[in-house]
Amino acid sequence: MGMKKKIAIIAPGYAWLPGEAGTSRFSYMAGFLAEHGYKVDLIGSTFQHFKKAPRDIERLEAMQLPYKLVFIEEPGYRKNIDIRRIYSNYILARNTLQFLERHISEYDLVYCVIPPNVLSAKAGKICHKYRVPFIVDIEDLWPEAMKMVFKVPFVSNALFYPYWRDAEKTYRYANGVVGTSDEYTMRAFKKRKKDIPYATVYVGTELDVFDEGVCKYSSEFEKSNDEFWVTYAGSIGASYDIRTLIDAAKMLLCQGRLDIKIYILGTGPLKEELEQYAKDINCENVIFMGYVEYQKMAAFLSKSDVLINSYVKNAPQSIVTKIGDYLAAGKPMINTLASSEFMEKVERERFGINIEAENQKQLVMAILKLLEDPEDCVRMGRNARNVAEMQFDRKAGYRKVLDMVEKLTE
């Protein structure tokens, strides 16, 4: 393969790095492409968004990684919704673009995440100017997701117009499109022909790492035979409906169902408030576990009886990060996310039950239905694991990205 081709992966807010909590899509991708003969720069931030703290750069630089880490200076912020966050993101985008402009001649291809839309639009423009192939990876839809939260007719349209404009520019400059769901992938072709390569690549799971965690840590979580565990794992924030989960747990408690325990794994801006709410209504069958390290979470999910993908009404998400882990655990899923793409998948692949979001009666009924039909639970669990192996195993999914990179760098 003569001279190694060089790739920049721009994922400032999304690049969770080895040893950090969070989804490792881009560090995995960087390693995967490096393994297949490419030189890769993974361009991230000096600030770690998940912990709202500066990164331990010394530790990361001391690791023997197969790709190079590039840290872009960012001032940081303390709260998710904060003027300092907007400023911090602005500085990060500016510094990243300055770096790209200086180094663009070194790269044979640029792989860039959207959002942030302004960063991807300007990165696309630089690539277009220097004729460097540009692949865009759609992780979320802005402003569509924002409009779900901030619904004021006319005002929100005007407010979010810059996001629309930058999204359209990004897709116009793209030479290839990768999306984390079909809905996200197809968004790129709203105003352009399907004249470039595209692929849906789920965030997915490293099944061998997941299974190793199950083997290693299962014995740490003791569970008696008469207990039935319903588990949520993920962020505790505005899009995720934990309150209805607590209300359903209380309803079950009032029916004398002391055997059903609701476990909540993870952390987020609403954790303290929701823990207090559970205490206030004396809901001792809800257990907040806080942040649980990935492989231990894998063991906990596989010890559970039912997993819940719990979202508020109108949540804009599609096929989210945690789905790969839920499926890998081989357990039935209760889904409240109203994404038509995901609901159809639940029905078609038969690994769970779709119910209405924020409906505690339906949730209680779904839990009891699964509790009373262990054979169906086993069947759904088997289907879930099958889907994980066929569609969500990263090794297979990320081949599509490799094929696209090969095609565009020929």
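The values are calculated or read from the model by the stated rules, or taken from the named source; none is laboratory data. Keep in mind that what you see is a predicted model, and the values were worked out from it rather than measured. In this analysis, Cβ positions are derived from the backbone assuming ideal geometry, glycine residues included, and neighbour counts consider all displayed protein chains. Heads up: the accessible areas ignore ligands, DNA and RNA and are worked out on the full protein's heavy atoms, side chains in. Shrake-Rupley method; radii C 1.70, N 1.55, O 1.52, S 1.80 Å.
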Measuring from the longest principal axis of the C-alpha atoms of the chain, the long axis of helix 294-303 (C-alpha) lies at a number of degrees, nearest 10, equal to 30 degrees
Show me 346-354, 96-104 ranked by packing, highest mean number of other Cβ atoms within 10 Å first.
-> 346-354, 96-104
In the stretch 222-324, carbon and sulfur make up what percent of the accessible area (probe 1.4 Å)?
-> 49 percent
So what is the 222 nm mean residue ellipticity for the chain from helices alone, if each DSSP H run of at least 4 adds -39500 (n - 2.57) and you divide by all residues, rounding to the nearest 500 deg cm²/dmol?
-> -13500 deg cm²/dmol
So which of Lys68/Lys191; Lys6/Lys122; Lys250/Lys271; Lys68/Lys322; Lys322/Lys395; Lys4/Lys194 end up more than 24 Å apart by C-alpha?
-> Lys68/Lys191; Lys68/Lys322; Lys4/Lys194
With a 10 Å radius around each residue's Cβ, average the other Cβ atoms per peptide and rank 66-72, 50-56, 313-319, 240-246, highest first.
-> 240-246, 313-319, 66-72, 50-56
Express in Å², to the nearest 10, the accessible area of Thr46 obtained by rolling a 1.4 Å probe over the protein heavy atoms while all chains stay in place.
-> 20 Å²
Sorted on mean Cβ neighbours within 10 Å (highest first), peptides 157-167, 217-227 come out as 157-167, 217-227
Among [x] 0.97; [y] 1.02; [z] 1.00, find the value of Rg/Rh (Cα atoms, Kirkwood Rh) that was calculated from the structure presented, and write down its label.
-> [x]
Violating pairs (Cα-Cα greater than 26 angstrom) within the set Lys5/Lys193; Lys51/Lys129; Lys129/Lys190; Lys169/Lys400; Lys261/Lys296 | Lys5/Lys193; Lys51/Lys129
Kindly report, to the nearest 10 Å², the accessible surface of Ser105 as traced by a 1.4 Å probe over protein heavy atoms only.
-> 110 Å²
If you take every DSSP beta bridge whose two residues both sit in the chain, what share of them, in percent to the nearest 5, is antiparallel?
-> 5 percent
Angle between the Cα long axis of helix 83-103 and the longest principal axis of the chain, 0 to 90 degrees, nearest 10?
-> 40 degrees
Total charge of the residues flanking Met343 in space, meaning their Cβ is under 15 Å from its Cβ, with Lys and Arg +1 and Asp and Glu -1, is -3
